[in-house]
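Asker: Provided herewith is a single structure, encoded as structure tokens, for subsequent inquiry.
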Amino acid sequence: MFIEVNITNPDDRIVQDVVNILNKGGVIIYPTDTVYALGCSLMHKRAIEKLAKLKGLKLKKANFALICHDLSNLSEYTRYIDRPTYKILNKNLPGPFTFILPASTRIPKLFDSNKKTVGIRIPDSNFVRTLVQELGHPLVTTSILDDDEILEYTTDPYAIQEKWESDVDIIIDGGYGKNEPSTVVDCSESEIEIIRQGVGELLY
């Protein structure tokens with residue numbers, strides 16, 4: 001399925017259609033505030049496994065991030081966040097960042113691994129945040145390609161459709177995307193470190 005969406009003011013029916021697909025274990029391709037991404041519901045283990053398969057990875061080796069609606073439920077997925085770290089999150093989110101944070105005990109169970117960290121995204125996208133809010137829990141997400149392979153076709157929804165339509169349940173056309181990924185910021189240790197500079201400029 002291929003569907004167009006107004007990412008600034010999404011139609012409620014379209015959002016609900018996508019939520020229904022996710023709740024049935026579907027895998028989607030959708031526009032973020034950076035590149036187009038693959039996503040599925042955090043509550044569907046088989047969908048997460050399919051996401052890993054699409055990336056050519058074993059689930060326990062996959063470094064997927066979680067897309068959250070806001071910072072209110074972080075404690076479900078992360079361990080204690082100190083005040084300085086929270087201030088940085090609050091200052092930069094929503095935005096084109098992936099923050100690596102200490103993982104709660106739920107994360108290893110969800111990903112069949114001994115993961116001690118988890119990536120958290122809150123995109124500056126009304127459509128994505130509305131979708132996650134209606135879903136009621138985070139999306140598991142990953143870019144369409146490896147981070148060093150952000151190529152031209154990843155910005156064009158019709159080219160994405162041509163390549164991916166048979167592999168996913170729905171492709172959401174939000175117009176041409178960017179071809180620069182999110183900035184990855186490691187906040188899991190005492191020193192905050194930018195481990196990949198993307199489109200986001202970190203505010204301290």
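Asker: Volume per residue, Å³, of the convex hull around the alpha-carbon atoms of the chain?
Answerer: Dividing the Cα hull volume of the chain by its residue count gives 108 Å³.
Asker: For Cα pairs less than 8 Å apart in space and 6+ apart in sequence, what is the mean separation divided by the residue count of segment 2-196, i.e. the relative contact order in percent?
Answerer: 34 percent
Asker: Out of the DSSP beta bridges found with both residues in segment 75-204, what percent are antiparallel (nearest 5)?
Answerer: Antiparallel bridges make up about 65 percent of those DSSP assigns within segment 75-204.
Asker: Pairs to check: Lys45/Lys178; Lys24/Lys109; Lys45/Lys109; Lys61/Lys109. Give those whose C-alpha atoms are more than 18 Å from each other in this structure.
Answerer: Lys45/Lys178; Lys24/Lys109
Asker: Cβ neighbours within 10 Å, averaged per peptide: list 178-184, 38-44, 73-79 in order, most packed at the top.
Answerer: Put in order of decreasing packing, that is 38-44, 178-184, 73-79.
Asker: Aspartates and glutamates within cross-link reach of Lys87: Cα-Cα under 20 Å, excluding same-chain residues under 8 positions apart?
Answerer: Once the sequence-local aspartates and glutamates are set aside, what remains near Lys87 is Asp70, Glu76, Asp124, Asp186, Glu189, Glu191, Glu193, Glu201.
Asker: I need Thr32, Thr117, Thr8 ordered by Cβ neighbour count within 10 Å, fewest first.
Answerer: Thr8, Thr117, Thr32
Asker: Would you kindly derive the ³J(HN,Hα) couplings of segment 173-182 from the backbone phi angles with the Karplus curve 6.51 cos²θ - 1.76 cosθ + 1.60 (θ = phi - 60°), listing them in order in whole Hz, with x for Gly and Pro?
Answerer: Running phi through 6.51 cos²θ - 1.76 cosθ + 1.60 with θ = phi - 60° gives 8, x, x, 5, x, 7, 10, 10, x, 5 Hz.
Asker: Same structure again: Report the percentage of all Cα-Cα pairs in segment 95-204 whose separation exceeds 21 Å, rounded to a whole percent.
Answerer: When every Cα pair of segment 95-204 is considered, 47 percent fall beyond 21 Å.
Asker: How tilted is helix 12-23 with respect to the longest principal axis of the chain? Cα atoms for both, answer in degrees (0 to 90, nearest 10).
Answerer: The two axes meet at around 70 degrees.
Asker: Considering amide H positions built from the backbone, and no H for Pro or chain starts, which residues 5 or more places from Ser125, or on another chain, come under 5 Å of its amide H?
Answerer: none
Every number here is computed from the coordinates shown, using simple stated rules; none is lab data. Owing to the predicted nature of the structure, the values given are computational and were not obtained by experimental measurement. Virtual Cβ from ideal backbone geometry, glycine too; neighbours counted across all protein chains shown.
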